[in-house]
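The structure appears right after this line, and notes come after that.
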Amino acid sequence: MPKPIRVFVKAVDTFNLWVGRVAMQLLFVMAAVLLWSTLSRLLFNEPVNWALEMSQFLLSAYYLLGGAYSLQKGAHVRMDLFYGRLAPRQRAITDAITILCVIFFLGVLLYGGLSATNYAIQYNQKNYTAWSPPLWPIKVVMTFGVFLMLLQTISTFFKDLAEARGTPIA
């Protein structure tokens, strides 16, 4: 593979590894939010109206920012009816072909995410709840997560292509 592709793969993999490890910590933040909600309701008799929504936002950020990391580590679910019987080179060819569908899907998803994020920013979109938080921060995070996933699928495509050619990218 040409050097620019190898540099791209290494840069994307390194960045998504870092983002994935940071995203893992969001579970602790979410647990703290839910714990605060419980303690304030039980101990102080002061329920908070923002905790459920905030935990939903944190969980969304967690799985969308962690998606690229999961793909990188091979942790996504895979239909293994025939795939497990294939040789490593045949798996790489199959992956290189099928990941093109994922790249197309993520491209469409990114386009929609950019549109929704732009709308949320432009019109200061808020959620229809008692807390009524602005939605643009989570939409930015969600769109960024889809973008990272798209970059990771392109990186994975290049790695699969190199493996299929018999020159794996380390």
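Taken together, the values in this text are just the output of simple stated rules run on the coordinates, not laboratory data. What you see is a predicted model, and the numbers here were worked out from it, not measured in a lab. Backbone-built Cβ (ideal geometry, glycine too); neighbour counts: all protein chains shown.
Pairing the Cα long axis of helix 26-42 with the longest principal axis of the chain, what angle in degrees results, from 0 to 90 and rounded to the nearest 10?
Between the helix axis and the principal axis of the chain, the angle is about 20 degrees.
If packing is taken as the mean number of other Cβ atoms within 10 Å per residue, what is the order of 53-63, 102-112, 148-158, highest first?
Going from most to least packed, we get 148-158, 53-63, 102-112.
Which aspartates and glutamates have a Cα less than 12 Å from the Cα of K159, not counting those fewer than 8 places away in the same chain?
List returned: D13, D95.
Once amide H atoms are built 1.01 Å from N in the peptide plane, which residues 5 or more positions from K126, or in another chain, come under 5 Å H to H?
L135
Taking a ≥ b ≥ c as the square roots of the eigenvalues of the Cα gyration tensor of the stretch 25-131, is the shape rounded (a/c under 1.5), prolate (a/b larger than b/c) or oblate?
Oblate is the answer for the stretch 25-131, as a/c is 1.5 or above yet b/c matches or exceeds a/b.
Using +1 at the Cβ of each Lys and Arg and -1 at the Cβ of each Asp and Glu in the stretch 43-98, identify which of Q90, M54, G74 lies farthest towards the dipole's positive end.
After comparing all options, I get Q90.
For R78 and L39, what does the FRET efficiency come to when R0 = 41 Å and r is the distance between their Cβ atoms, rounded to the nearest 0.05?
The computed FRET efficiency comes out at 0.50.
Reachable aspartates and glutamates from K126, Cα under 19 Å, same-chain residues fewer than 8 places away excluded?
Within reach: E53.
Which value in deg cm²/dmol, rounded to the nearest 500, describes the helix-derived mean residue ellipticity at 222 nm for the chain, given -39,500 (n - 2.57) per DSSP H run of n ≥ 4 and division by the residue count?
Calculated mean residue ellipticity at 222 nm is -25500 deg cm²/dmol.
All other residues with a Cβ under 14 Å from the Cβ of R78 taken together, and with Lys, Arg as +1 and Asp, Glu as -1, what is their net charge?
So the environment of R78 carries a net charge of 0.
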